[in-house]
Amino acid sequence: MPAGSCLGSGEAERTAAPTPWARYGRRARTRAQPSARDPTTRTDLDSYSVLRSTAVAVIASSVIGGASATPAMAEQSTASQGVHVSTWKMRVAVNTRKIRRAPVPTKTTSKAYAFRLVSRRAWPSTQFQCLDSLWTRESNWNHRAYNAGSGAYGIPQALPGSKMGYVAEDWRFNPQTQIRWGLRYIKGRYGSPCGAWGHFRSHNWY
């Protein structure tokens, strides 16, 4: 040990031999930091730039494509709405035709139908006048007239009303069926409407 040294032999040895912790610290301080010149680091940076450029290009193409497709999509939507509206209107029109009912028969329509049948039988107009007087007294040309006392039904007051089923099954509500049956009955029993009207005036029935 040189003269003038204040350190003993043990202290000199501790100073000369560094501790393991000091050795690790040197390594930590002397570890090389990544630089831009490192091939590995440069490859990572280049890959990141490529990914960023690709993402920007995809976003830009999406925006441009969406802007150009917007008018076409609007036209297609408008056309689709027009088709739906037209279909809805057509369905409403069809449903309206389905629920349309036949006009309710009236005295005028019943008399007009009876007049045509009288004319086909080559009877003069006076025969229709007799028929009009007869059925006006019997039912007032009401195809639903019902006599609770006798059970007579309809314009000709058939007794019973089911007799008119010989002409058609709708005798309860169809005045034309009742008129056809009444004229057959009158011709078969009295020969003509005026003959039936004369019998009615005498006996109050026919």
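A few points about this structure:
- Some residue of the stretch 99-120 being more than 18 Å from Asn174 (Cα to Cα), surrounded by 10 or more Cβ atoms within 10 Å (Cβ to Cβ), basic (Lys, Arg) and at pLDDT 90 or above: no
- Single residue of the stretch 159-195 satisfying the filter (within 44 Å of the chain's Cα centre (by Cα) and in a loop (DSSP other than H, G, I, E, B)) that is surrounded by the most Cβ atoms within 10 Å (Cβ to Cβ): Trp171
- Filtered residues of the stretch 137-151 (kept if under 23 Å from Ala114 (Cα atoms) and in a loop (DSSP other than H, G, I, E, B)): Ser139, Asn140, Trp141, Asn142, His143, Arg144, Ala145, Asn147
- Test: residue in the stretch 130-146 that is acidic (Asp, Glu) and under 18 Å from Trp205 (Cα atoms): yes
The values are calculated or read from the model by the stated rules, or taken from the named source; none is laboratory data. Here the structure is a predicted model, which means the values were calculated and not measured. Reconstructed Cβ throughout: ideal geometry from the backbone, glycine too, with neighbour counts over all protein chains shown.
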